[in-house]
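Bear in mind that the values in this text are calculations on the coordinates, not laboratory data. Remember, it's a predicted structure, so these values are computed and weren't measured experimentally. Note that we place each Cβ from the backbone using ideal geometry, even for glycine, and neighbour counts take in every protein chain shown.
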Amino acid sequence: MLKDERRVTNLKKLVVDIESYGKLSRLASDELARIRVMAIRRGVWFKVLSRLERGLVDLSLKVTREIRSKILVRAICSIVKKLLEALESKVRLQMRLIGVPLAEKISQIAQKWGNKTAHEWASNLGFIQYLTLMKVNAHLYSV
């Protein structure tokens, strides 16, 4: 599972590079095939994508080894983003939405109080996960 999470993180970085920086105008089909296999195994492929989107990815994998068209790369990137969001674990999603802002806020408060190492808290995954789980469980068990 950890290997898949690292792969998803690397693929997210690739999509960001392609979309925002325009560094890569090509998208290798082996990366696309990996995403497809992960999505099918986790049951996301048919739930998240329309028939047209699935067909576009399948056809791209069958016809070409490397996608060179910028228009097609942009279309595939939007599909890949959908899949990557759906592949993200629930805890990771909660950490991103709840834990990171909470850790940043606590870190800023501690820095104002004079704690010199508090700036590291905002990027500490263990601290972010702890805060996320405490926040989520506080809502479940509040009276």
Name the shape class, rounded, prolate or oblate, that the alpha-carbon gyration tensor gives for the range 91-140, where a ≥ b ≥ c are the square roots of its eigenvalues, rounded holds for a/c under 1.5, and otherwise prolate holds if a/b is larger than b/c and oblate otherwise.
prolate
If each residue's Cβ is checked for other Cβ atoms within 10 Å, how do I76, I71 rank with the fewest at the top?
I71, I76
